[in-house]
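Shown next, in structure tokens, is the structure this report addresses.
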Amino acid sequence: MTLTWLDWLLMLVYFGFVLGIGVALKSKTTTSSAFFQAGRAIPAWVCGLAFISANLGAQEIIGMAASGAKYGIATSHFYWVGAIPAMVFLGVFMMPFYYGSRARSVPEYLRLRFDEKTRAFNAVSFALMTVFSSGISMYAMAKLLQILRVFDAPFAALGIGPEYIFHIAVVSSALVVLVYVLLGGLSSAIYNEVLQFFLIVAGFLPLVYLGLRDAGGWSGIVRTLPPAFTHAWVGLGSASTNPMGVDVFGVAMGLGFVLSFGYWCTDFLVVQRAMAADSMTAARRTPLIAAFPKMAFPFLVVMPGLIALSVHGGVVPVKMYEGTTTAILDALGKPQLDYDLTAPTLMLRYFPTGMLGIGLTALLASFMSGMAGNVTAFNTVWTYDIYQAYLRPSASDAHYLWIGRMATVFGIAASVLTAYVAAQFNNIMDVLQLVFAFVNAPLLATFLLGMFWKRATGHGAFAGLVAGTCAAALHHGLTLPAGAIAGVKGGWLGALSTYPSEMAQNFWTAIDAWTVCFVVTIAVSLMTRPRDERELAGLVYSLTERPRDAELPWHRRPAVLGVVVLVATLLLNVVFF
Amino acid sequence: MMDIRVPVAVMFGVMGALLTGYGVFGDQSIYGRSLGININLVWGSVLLAFAVCLLILSARARSRRGGEP
């Protein structure tokens, strides 16, 4: 498959529009509030689409199709169990505190509710995590474009060897994101995320349509694949009867509670989109509006994995040694499959020139939306929670705006650096998983206690966070997934027990970290002096006036929307049981 | 604030027009891989229709606010 002028033209049109949006917003971005908070003036539906688009990074798009091919339709649990309930909880219960406290970021809420040290701990770990994950996402996408080989011929025509495709992909996409975030700040990132959201759908919907047609529809897939792949819950009764190696409790508690609530309810990358909304009800509706497309997304991103498994005896490509055509074999002597190539391989298979241009643009769009999400969250936390808090507390607004722009340049440069470091290690994805379990899981306990228990104190929260992170490290150091070697996969303190899969180990590390943080925060809080209740108004549930929704029409009430979302998700689970 | 529906509509309008145009006037022998379906024509028309819908929604919102941008 070769690219023609039409594919290039379509990609150029996309670049033109993303940069154009940045240019159009430049004149409006003259204060730090406009740059970091989009002036808190964005309508709910725009925030909602940006909310899900910022999370739809390259890893999500590549990874979900890969897991679909590896684990089957049960991958949808990452959406139906691992996202929707948490998004509803964020909109109905937590947004009033984030938005109502007038905090400008998640770490700043921690300072208002607890104290400086809790905020500093969160700000530093979050800043590192965003740079790290945007670098990995950049690495994943550039690697993918290189392995696909579609760019080989056009670059060869210009006298550029295929080994440069990785560098060109990293530098050019980083530059585009840099320019549009630099110009328009958070508004530019959010508006572009809406555009990118529609593009991702426009690239994947025809892929699923053609693939399903080729596979003989959903019934064709059900006929070809083993039942464990086409049923989401059958087989989850025990860890040994499903491809993921996790049981119901692990899925419900680890994924459905700790990891999902830890991500969706506390990660500033997504929460920032809702905090940019133009009113309290708009902010609360943001995650609920996002939940509707999120619910349907398994059909777009997981389905390609199932299609690739079932058409023509399976078309997931075999993993090759780099730069050769020799297949990598597993312990049984069978060739290993390169699951990450699932979605793009299907595009190359079904899309003629023209449609292929849209498909490749959709991949680029997903990558850029994820990266811009990380970069805008990073520059805000750096400027407000590190620079303004500890380095220069009382400078002019113009100075902080300038620092924010510099932080954008620095954040992107650090991500590029991370992408090159990532290229040197093959375990980098595992490290990223670890970081999430170490940082987000204990943080969830801190937020739940902070928002819903007025007795929780700053010393309690800080001690809980430190203890929770140590507990995650300890659990990881003492356990090992079956068949893995001690090291970055765990067991570096001596493997006391083994889990059937990495996913199971990851879920249990998170459960462990959450529990320790929860218990230690309560214990230390009870031993330390409580804060004056008057200082906690607007920050804690029992001391805050409930938002009044009764005068809103029913379809704008967060609680009603939340119930509708949950019922629809339940129905999906029943259909694919 | 910018009405994002307008730039999204214009972008999909341009992309839809390019796909539809190629589907009608371009090489017809390339559609074997898309199971014999002229996917450029089909999906190009869908994108064009989507662009028109967005423009209508945006115009309605503008007129409701009494011509304010």
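Every number in this text was worked out from the coordinates using simple rules, so none of it is lab data. All figures in this text were calculated on a predicted structure; none of them were measured in a lab. Quick reminder, even Gly has a Cβ in these numbers, built from the backbone with ideal geometry, and neighbours come from all protein chains shown.
Classify the range A:1-144: rounded, prolate or oblate, from the alpha-carbon gyration tensor (a ≥ b ≥ c, eigenvalue square roots; a/c under 1.5 rounded; otherwise prolate if a/b is larger than b/c)?
Since a/c reaches 1.5 but b/c is at least a/b, the shape of the range A:1-144 is classed as oblate.
What net charge do the residues around residue A:401 carry, taking every other residue with its C-beta under 13 Å from that of residue A:401, with Lys and Arg at +1 and Asp and Glu at -1?
Combined, the nearby Lys, Arg, Asp and Glu give +2.
For a Förster distance of 25 Å, can you work out the FRET efficiency between the beta-carbons of residue A:248 and residue A:474, rounded to the nearest 0.05? Mind showing how you got there, number by number?
Details: r = 26 Å, r/R0 = 1.03.
Plugging the Cβ-Cβ distance into 1/(1 + (r/R0)^6) gives 0.45.
So how many Å³ per residue does the convex hull of the Cα atoms of chain A work out to?
153
Report Rg(Cα)/(2.2 N^0.38 Å) for the range A:436-538, keeping two decimals.
Cα-based Rg divided by the globular estimate yields 1.25.
Roughly what % of DSSP beta bridges within the protein assembly as shown run antiparallel, to the nearest 5?
Looking only at bridges with both residues in the protein assembly as shown, the antiparallel portion is about 50 percent.
From the C-alpha coordinates alone, can you work out the Kirkwood hydrodynamic radius of the range B:5-64, in Å?
Taking the inverse mean of 1/r over all distinct Cα pairs, the range B:5-64 comes out at 12.2 Å.
Across the residues of A:210-220, average count of Cβ atoms on other protein chains within 10 Å?
The shielding value for this peptide is 1.
Using 0.36 nm per residue, how much length does the chain from residue A:535 to residue A:554 gain when fully extended, once their Cα-Cα distance is taken away?
Extending this stretch completely gives an extra 3.5 nm.
Place a point 7 Å from Cα of residue A:9 in the direction of its Cβ. Which residues in the range B:1-45 have their backbone N less than 13 Å from it?
Once the point is set 7 Å along Cα→Cβ of residue A:9, B:14-27 turn out to lie under 13 Å by backbone N, inside the range B:1-45.
If the cut-off is a Cα-Cα distance under 26 Å, which lysines reach residue A:117, setting aside same-chain residues fewer than 8 apart in sequence?
Residue A:117 reaches A:454.
Give the longest segment of chain A that steers clear of GluC sites (Glu not before Pro) in DSSP loops with at most 12 neighbouring Cβ atoms within 10 Å, not counting the sites themselves. Before the final figure, lay out each step's value.
Values: sites that count: A:322, A:545, A:551.
Within chain A, the longest run free of exposed GluC sites (Glu not before Pro) spans A:1-321.
What FRET efficiency would be calculated for the residue pair residue A:321, residue A:492, taking the C-beta separation as r and a Förster radius of 25 Å, to the nearest 0.05?
About 0.30, to the nearest 0.05.
Just going by the charge dipole of the range A:430-531, with Lys and Arg at +1 and Asp and Glu at -1 on Cβ, which of A:468, A:506, A:437 is farthest out on the positive end?
A:468
List A:143, A:26 from most exposed to least, where exposure is judged by having the fewest other Cβ atoms within 10 Å.
With the sparsest Cβ surroundings first, the list reads A:26, A:143.
If packing is taken as the mean number of other Cβ atoms within 10 Å per residue, what is the order of A:445-455, B:49-59, A:273-283, highest first?
Going by the mean number of other Cβ atoms within 10 Å, highest first, we get A:273-283, A:445-455, B:49-59.
Sum -39500 (n - 2.57) across every DSSP H segment of at least 4 residues in chain A, then divide by the residue count to get the 222 nm mean residue ellipticity, nearest 500.
Taken over chain A, the calculation gives -21500 deg cm²/dmol.
Considering every residue in A:353-360, what mean count of other chain Cβ atoms within 10 Å of its Cβ is obtained?
Per-residue shielding by partner chains comes out at 6.
Based only on other Cβ atoms within 10 Å, what is the fewest-to-most ordering of A:77, A:312, A:167, A:459?
By the 10 Å Cβ count, ascending, the order reads A:312, A:167, A:459, A:77.
At residue A:117 and residue A:390, where each label point lies 7 Å from the Cα along Cα→Cβ, what is the point-to-point distance in nanometres?
1.3
Average partner chain C-beta neighbours within 10 Å, per residue of B:2-15?
For peptide B:2-15, the averaged partner shielding equals 6.
Suppose the chain between residue A:279 and residue A:158 were pulled fully straight at 0.36 nm per residue; how much longer would it get relative to their current alpha carbon spacing? Don't skip to the answer; put the middle values down first.
On the way: separation 121, 0.36 × 121 = 43.56 nm, distance 5.16 nm.
Fully extending the segment from residue A:279 to residue A:158 adds 38.4 nm.
Percent relative contact order of the range B:5-64, based on C-alpha pairs within less than 8 angstrom and at least six residues apart?
50
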